[in-house]
Amino acid sequence: MQKLWLKKNEDRRIRAGHLWVFSNEVDTAKSPLTAFAPGEAASLHDWRGVCLGSVCVSPAALICARLHSRKAGVELDEALIHTRLQNALALRQSLFHEPWYRLCHSEGDFLPGLVVDRYGDHLTLQIGTAGMERRKESIVAALSALLGHTSLYFDNDLGVRGLENLSRQPESRGNLPESLVVPENGCHFRVPVAGGQKTGWFYDQRCNRQDFARHAQGQDVLDIFSYAGGFGVYAAAAGARSVTFLDASAPALELARHNAAANAPNLAAADAISSLCGDAFQLLAELAAQGRRFGLISLDPPAFIKRRKDMAQGLAAYRKVNLLAMRLLRPGGILVSSSCSHHLTAEALRTCVAQAAARLGLHGRLLGSGSQGPDHPVHASMPETAYLKCVTLQAS
Ligand code: SAH
């Protein structure tokens, strides 16, 4: 196995438990990255020669290596992948009664670059590194041995695959269903298998949706950035008076309306399910101008801060959209505001909603906060893996 050498003093993050090596930390005079095949395993050494563990190398990417073992000379082979996936599965089986969850959460399951979402017998995979791409057949074999699944979809349309010079063409194995019905906390959601958003369903908001629904009884509910209706459908099933979904995607809204009607036929019968298609910033301003008000609002935007350099612009977008949403609350109304940008801290999101309340001359109080569900474990030494936060604010 080749050696990957770090420059002097560039070993601290790895020693503190982190799994990533950045290309500017590598001593490329001693170990040029071009000497490695994409995804090749290597032993990682500090400048004194001490081995820090085993990595898979991504020669073309800024994050040029990811550690999969703290021991020297360890291949990420089928046996190791199998063991890691078996542990990942055991955790999910202890958390959930039904086989619908994120089965593997990359670094959080010590398999950097591999995400697997399980939909019963169907699996959707996101492979984000050259290391995992190289081991694709071992991954498939390990999953098959553990689960005996019937269909697989490789969702390759990921920005990170571009950074790693990997193809973005999707691929499938077995007979793909066109859509699936995801059961979650007593609700059920029809979602697409291929070509949808994320892997078809956002499992990460499972617990926050449940908290949201606790405030829904008798309320007019607005689900902003609804996708297939996660938050609004929970509210509909929990006794909301009406639900309005808002999203830029017409197919997503069609699913949201369908899912709401399927979970709350009484609301469909009362004509109390509606949707608004378009840009949220514009539509929220229009709703305010029309004097529309809601008792409960979910605000779950896409990541506005994807890279650190988007910080200022992204933060401004979070501030603006939170202000626009909060303006639509009735007195005593509740806003559940989420962010999936790992660059925006939980503290920064709280400040954002607090400032919105203050600017509107309202008293805001925080009723709770949430994070990604437990099938998205956070690596204890990698703050980057804690990306989702959610705060509940009541304004009066
Ligand atoms: N709340 C959802 C997940 C939301 S994902 C759930 O619980 O499952 C983010 C959504 O924002 C996507 O559906 C996307 O279509 C939508 N979106 C992105 N930009 C938008 C914009 N400018 N205006 C309205 N919707 C937008």
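Leu166 sits with roughly 30 Å² accessible to a 1.4 Å probe, with DNA, RNA and ligands left out of the calculation.
Rounded, prolate or oblate, given the Cα gyration tensor of the stretch 2-69, with a/c below 1.5 counting as rounded? Rounded shape, in that the Cα axes give a/c under 1.5.
When the helices of the chain are scored as -39500 (n - 2.57) per DSSP H run of n ≥ 4 and the total is divided over every residue, the value at 222 nm lands at -9000 deg cm²/dmol. Once C-alpha pairs closer than 8 Å and six or more residues apart are averaged by separation and normalised to the residue number of the chain, the relative contact order reads 11 percent. Axis angle, to the nearest 10 degrees, between helix 136-147 and the longest C-alpha principal axis of the chain: 60 degrees. With all projection directions averaged, the alpha carbon convex hull of the stretch 249-299 covers 4.1 nm². Relative contact order of the stretch 311-396, please, whole-number percent, based on alpha carbon pairs below 8 angstrom and at least 6 residues apart. 41 percent. Once the 1.4 Å probe is applied to the protein heavy atoms, the chain comes out at 42 Å² accessible per residue. Each 10 Å bin from zero up to the one holding the largest Cα-Cα distance in the stretch 180-395 carries the following percent of pairs: 9, 36, 39, 15, 1, 0. Dividing the Cα radius of gyration of the chain by its Kirkwood radius returns 1.01 for Rg/Rh.
Per-atom-type breakdown for the chain gives carbon and sulfur 51% of the accessible area (1.4 Å probe, protein chains only).
Comparing Glu164, Glu98, Glu40 in a Gaussian network model of the chain, where Cα atoms under 10 Å apart are tied by springs, the biggest mean-square fluctuation is seen for Glu98.
Volume per residue of the convex hull around the Cα atoms, evaluated for the stretch 85-133, comes out as 64 Å³. Just check the stretch 285-335 against the gyration tensor rule for me: Cα atoms, a ≥ b ≥ c as the square roots of the eigenvalues, rounded for a/c under 1.5, and otherwise prolate or oblate depending on whether a/b exceeds b/c. Here the stretch 285-335 falls in the prolate category.
Take every Cα pair under 8 Å whose residues are at least 6 apart in sequence, average their separation, divide by the length of the stretch 180-395, and the relative contact order is 18 percent. Spin-label pair Glu78-Val50: with each label point 7 Å from Cα along the Cα-Cβ axis, the two points sit 3.7 nm from one another. Comparing Asp157, Asp310, Asp223 in a Gaussian network model of the chain, where Cα atoms under 10 Å apart are tied by springs, the biggest mean-square fluctuation is seen for Asp310. Each part reduced to its alpha carbon centroid, the stretch 291-313 and the stretch 319-338 end up 11 Å apart. For the chain, the longest principal axis of the alpha carbon atoms and the long axis of helix 78-95 meet at an angle near 30°.
Give the angle, between 0 and 90 degrees and rounded to the nearest 10, that separates the Cα long axis of helix 311-326 from the longest principal axis of the Cα atoms of the chain. Helix 311-326 sits roughly 20 degrees off the main axis of the chain. Listed peptides 259-270, 228-239, 201-212, 168-179 appear in the order 228-239, 201-212, 259-270, 168-179 once ranked by packing, highest mean of other Cβ atoms within 10 Å at the front.
The values are calculated or read from the model by the stated rules, or taken from the named source; none is laboratory data. Worth saying up front: this structure is predicted, and the values here are computed from it rather than measured. A quick note on method: Cβ atoms are made from the backbone with ideal geometry, for glycine too, and the neighbour counts reach across all protein chains shown. Just so you know, the surface numbers come from the protein's heavy atoms only, side chains and all, with ligands and any DNA or RNA stripped out. Shrake-Rupley method; radii C 1.70, N 1.55, O 1.52, S 1.80 Å.
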